[in-house]
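Read the figures in this text as sums done on the coordinates, not as results from a lab. Just so we're clear, the structure is a prediction, and the values are computed from it rather than from any experiment. Cβ placement follows ideal geometry from the backbone for every residue including glycine, while neighbour counts extend to all protein chains displayed.
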Amino acid sequence: MTTPSSPASAAASSSPLRFGTDGVVDLDVTWHAGWPSAKHDPAPEIQSHHLNEHTVLMRQNMSVNYEAPFMFLFFGAASAVLIDTGATAEPEYFPLRRVVDEHVERWLAKHPREDYRLTVVHTHGHGDHRSGDGQFADRERTTVVGPQLPEVAAFYGFGDWPATPRELDLGGGRIVDVIPSPGHHSSAVTFYDRYTRLLLTGDSLYPGRLYVDDWAAFQASFDRLAAWSETHEISHVLGCHIEMSTDPGEDYPIGWNHQPDEAALPMTAAHIIEVQRRLREIDGKPGRHSFDEFHIWYQA
C-alpha cells in the first residue's frame with residue numbers, strides 16, 4: 001500500500017541511503033526507573049537510547065508520570081515516524097518536541113534533506129500514548145494522525161479492518177508494516193520494522209499487566225500476531241511499559257514511580273505464542289490471571 005507520505009517517499013528513490021533487513025539493534029541499556037522521591041529525581045524527563053543510527057527508543061521518566069511509556073523514532077530516507085507521544089501534554093514538564101527535534105536535526109546533519117517529513121502515529125488511543133500530540137501541531141512538514149479508529153483506518157487505508165496489514169513507507173526501502181491488533185483498545189496496531197525486525201506491540205504485549213477490553217478481538221489479534229511470527233523473523237518484541245519486577249510473577253503496584261528491580265523490556269516471539277496459549281486456557285473467564293512474565297486482566 002502507498003501511504004499519504006508516498007510523494008516524499010517516491011522522491012527519495014534516488015537517495016543513496018538504502019535500508020535492507022540488516023538493522024542490528026543495541027539493547028544494552030539500563031532504563032531509568034524513577035526515584036524514591038519524584039520531585040528530587042535528577043534524571044531528565046525523557047531518556048533516549050539509539051538502538052542504531054536510524055532508530056531511537058525513548059522513555060518518559062517515571063517521576064514525571066508513573067506510566068513511564070516508551071516511544072519510538074524511526075528514520076527513513078524521506079521521512080521519520082514517531083510512534084506514541086507519552087503521557088504528559090505540557091512541554092515544560094515533558095519536552096518531547098524538543099527532544100525529537102534534536103534527534104531529527106542530528107540525523108539530518110548526516111543525511112541532509114530539505115523536505116524531510118515527520119509523521120506522528122500511535123500504538124493505540126489511550127491517553128498515556130497520545131498526550132504529547134499537541135506539541136507537534138504547529139511543526140512544519142509534520143502529520144499527526146489521530147488516535148481513534150476512524151482516523152487510523154483512513155490514514156493507513158484499512159478498508160477491511162482488522163483483516164489485512166498495511167505499509168508505512170519511510171523512503172529508501174524502510175518499510176514499517178502496520179498490523180491491526182484491537183482488543184486492548186479498538187484502534188490498537190502493532191508495528192513491524194523490516195529493517196530491524198522489531199515488533200512493537202504497544203500495550204498488547206509487554207512485561208506487565210495486559211488489560212483486555214474486548215476478549216474476542218484480543219484473542220483474534222494474538223492469533224494474527226502468532227501467524228505473523230511464523231512467517232517473519234522477529235529480532236525482539238518491544239512493548240510500551242515495564243510493570244513486572246525481576247521476581248517471576250511479581251508486578252509493581254499501579255501508581256508507583258520507582259521500580260528499582262524492574263524486568264527487562266525486550267520480549268520474544270515465543271511470548272506471543274505463550275499469550276495465545278494462555279488466552280485459550282482462560283477462555284474469556286474474567287479475573288486477574290498471573291503468569292511469570294506478564295499478567296492478563298479481564299473484566300467482562
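Annotations
- Gyration tensor verdict on the range 192-290 (Cα atoms; rounded if a/c is under 1.5, prolate if a/b is larger than b/c, oblate otherwise): oblate
- Under the criterion of Cα pairs below 8 Å and six or more residues apart, the relative contact order for the chain equals 17 percent.
- A cut-off of 5 Å between modelled amide H atoms, ignoring neighbours fewer than 5 places along the same chain, links residue 167 with 178.
- Per DSSP, loop GluC sites (Glu not before Pro) in the range 61-108 with at most 11 further Cβ within 10 Å: 92
- Evaluated with a Cβ-only charge set (Lys, Arg +1; Asp, Glu -1), the range 146-276 carries a dipole of roughly 400 debye about its Cα centre, given to the nearest 20.
- Centre separation in Å (Cα based) which lies between the range 210-275 and the range 101-177: 23
- Residues within the reach of a label modelled at residue 21 (point 7 angstrom out along Cα to beta-carbon, backbone nitrogen below 19 Å), restricted to the range 130-173, are 165-173.
- Neighbour net charge for residue 141 - beta-carbon separation under 11 angstrom, K R +1, D E -1: 0
- The helix-only estimate of mean residue ellipticity at 222 nm for the chain, built from DSSP H runs of length n ≥ 4 each weighted as -39500 (n - 2.57), is -6000 deg cm²/dmol after division by the residue total.
- Net charge dipole size for the range 239-287 [Lys, Arg +1 and Asp, Glu -1 on Cβ; Debye, nearest 20]: 320
- Coarse-grained scattering of the chain at q = 0.07, 0.08, 0.12 Å⁻¹, given as base-10 log I(q)/I(0) from a Debye sum over alpha-carbon atoms: -0.25, -0.32, -0.75
- Exposure proxy shown here: for 37, 235, 187, 181, the number of other Cβ atoms within 10 Å sets the order, fewest to most, as 37, 235, 187, 181.
- DSSP-assigned coil residues among GluC sites (Glu not before Pro) in the range 107-210, each with at most 13 further Cβ atoms within 10 Å: 114, 140
- Surrounding net charge for residue 182, when Lys and Arg each add one and Asp and Glu each subtract one, Cβ distance under 13 Å: -3
- Burial ordering of 75, 94, fewest other beta-carbon atoms within 10 Å first: 94, 75
- Charge tally around residue 85: other residues with Cβ under 14 Å, Lys/Arg +1 each, Asp/Glu -1 each, net -2.
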